[in-house]
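Values in this text are rule-based calculations from the coordinates and carry no lab data. Since the structure is predicted, the reported quantities are computational estimates derived from the model, not experimental observations. Every residue, glycine as well, gets a Cβ built from its backbone with ideal geometry; the counts of neighbours run over all protein chains shown.
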Amino acid sequence: MYNPFAVITPELMNSILKQPKLFVRQHYPRGSDHSDNDKTTGLLLTYYYKEDHIEVNRAHFHMQQLADDQYRFLYDSEKEEHRERLIQAASQPAGYKIYLNLLPKTWKPSVLLRRKIHGYMQHNLPWWDYNTNNKLHIHLKDRYGKLYLLLGWKGNKADVLLENIEKY
């Protein structure tokens, strides 16, 4: 599975903690790669600005979406205990690989992912009459810890969960 998120580091965490934030922790299967042993658990931290009421509501909505996730937790960076746990998480404790929801500013899909997108479109969006000679606009987005591709072509638009595209 493709993983674009950054591994959290102590330097990055300290920089992010300069402003009050809420962090949602969740299980993140994309965080494991073939070099990891079977006992490594991938986790994702998604941060929300605490001073923005809309962001606070999004953090709580995100937590509701994770009702069945045994790793879900809501950190408040203004609580000292939570702050210490976040800094500890950034040190990548044994048995875990912890990521932060930062996407690269300039992202381009790999050749393999482009092929999978083409296969997805041929099977699920045939009325687009798309072929690889045409310019397809592709944007990667994170929504509550899930990755989506926003596809655009000749006035057509689709938001597709990345895992649905990876099946092709």
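Aspartates and glutamates near Lys154 by alpha-carbon distance under 18 Å, same-chain residues fewer than 8 away left out - which ones?
Excluding near neighbours in sequence, the set is Asp129.
Arrange Trp107, Trp153 by Cβ neighbour counts within 10 Å, fewest through most, would you?
Ascending number of Cβ neighbours within 10 Å: Trp107, Trp153.
Is there a quick way to get the dipole size of the chain? I mean about its Cα centre, with the Cβ of Lys and Arg at +1 and of Asp and Glu at -1; what is the value in debye to the nearest 20?
680
Please give the per residue volume of the convex hull enclosing the alpha carbon atoms of segment 6-100, rounded to a whole number of Å³.
Output value, Cα hull per residue: 96 Å³.
Using the 2.2 N^0.38 Å rule of thumb for compact globular proteins, work out how segment 111-165 stacks up: its C-alpha Rg over that value, please.
1.07
Say each of Lys141 and Glu51 gets a label point 7 Å from the Cα, pointing the same way as Cα to Cβ; how far apart are those two points in nm?
Here the answer is 2.7 nm between the modelled labels.
Reported to two decimal places, what Rg/Rh ratio describes segment 74-114 when computed on Cα atoms with Rh from the Kirkwood expression?
1.19
How big is the equivalent ellipsoid of the chain along its three axes, where each semi-axis is √(5λ) from the Cα gyration tensor, reported in whole Å from largest to smallest?
33, 18, 14
Explain nothing, just compute: Karplus ³J(HN,Hα) = 6.51 cos²θ - 1.76 cosθ + 1.60, θ = phi - 60°, for every residue of segment 107-115 in order, whole Hz, x for Gly and Pro.
10, 9, x, 5, 4, 4, 5, 4, 5
With an 8 Å cut-off on Cα pairs and a minimum separation of 6 or more residues, tell me the relative contact order of segment 22-168 in percent.
This gives 21 percent for segment 22-168.
Give me the net charge for the shell around Trp107: Cβ to Cβ below 14 angstrom, other residues only, Lys and Arg +1, Asp and Glu -1.
Once all neighbours under 14 Å are counted, the net charge is +3.
Quick one: Val7, Val111, Val24, fewest Cβ neighbours within 10 Å first, how do they rank?
With the fewest neighbours first, Val7, Val111, Val24 line up as Val111, Val7, Val24.
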